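Note sheet for the following structure.
The values are calculated or read from the model by the stated rules, or taken from the named source; none is laboratory data. Remember, predicted model here, so these are calculated numbers, not experimental data. Positions of Cβ are generated from backbone atoms using ideal geometry, with glycine treated the same way; all protein chains shown enter the neighbour counts. Side chains are part of the model used for accessible areas, which takes the heavy atoms of the whole protein and leaves out ligands, DNA and RNA. Shrake-Rupley method; radii C 1.70, N 1.55, O 1.52, S 1.80 Å.
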Amino acid sequence: MARTRLAVIFCSALLLASPAIAHDAEGAKPAQPLPDAALPATLDRVLRDYEQAWRTGDARALAALFAEDGFVLQSNQLPVRGRSAIEAAYAGQGGSPLRLRALAYSVEGSTGYIIGAYRYGNNVGDTGKFTLPLKRVGDGPWLIFSDMDNGNAPPRARRWIPPGMARRYRAPTKAGCYQKRIPE
């Protein structure tokens, strides 16, 4: 009983605070772009090879940049693991002028990472950001262990439907809004 009461109080407080939080976010100034980080040649090669493979739509070349047990973690997609699965996931993607830039990096022994931003073509400003944890065997090339990216566009607003009420509404539209079901 006490837990239920505590949960109700917590949820009520959260609902009351939501408009204030949203108002603060609306009035926030956009963040300024972070400066580029100059990469050592061996790490810069990873980004330039990725750009080239993406530009030509070469899924096999993209997959070859990954460790054998690497991951691709794209927005709104299930995780993909392994070179053959990565090649299949990238099939049919690319073919556009992708531009990658590093924001930060670090290397320690046989592991490292690049945090960066991306855009397409001559667009002004970054379209999204990414993290590339890297690994290296001996003196071999740096390989991508994981590619996680997401866009900079704000999420679309969605209408909340109380539990048990979803059957009264149609599936969400492309804008993410639910329409009331018309009785048949």
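Worth a mention:
- Here G116 meets each of (1) free of Cβ contacts under 8 Å to residues at least 40 places away in the same chain; (2) part of a strand (DSSP E or B); (3) within 27 Å of A153 (Cα to Cα) with one exception, condition (1).
- Residues satisfying the stated conditions in segment 66-110, i.e. free of Cβ contacts under 8 Å to residues at least 24 places away in the same chain, open to solvent by 60 Å² or more (accessible area, probe 1.4 Å) and assigned to a strand (DSSP E or B): E68, R81, E108
- For segment 41-65, filtering for residues that are crowded, with 20+ Cβ neighbours inside 10 Å and of a type in the set (S, T, Y) leaves 1.
- Close pairs from segment 120-140: first over 14 Å from R101 (Cβ atoms) and open to solvent by less than 60 Å² (accessible area, probe 1.4 Å), partner in a loop (DSSP other than H, G, I, E, B) and among the aromatic types (F, W, Y), Cβ under 8 Å, at least 6 apart: L134/W142
- In segment 141-184, residue modelled with the lowest pLDDT [restricted to those that are open to solvent by 60 Å² or more (accessible area, probe 1.4 Å) and in contact with a Ser or Thr (Cβ under 7 Å, 6 or more places away or on another chain)]: Q179
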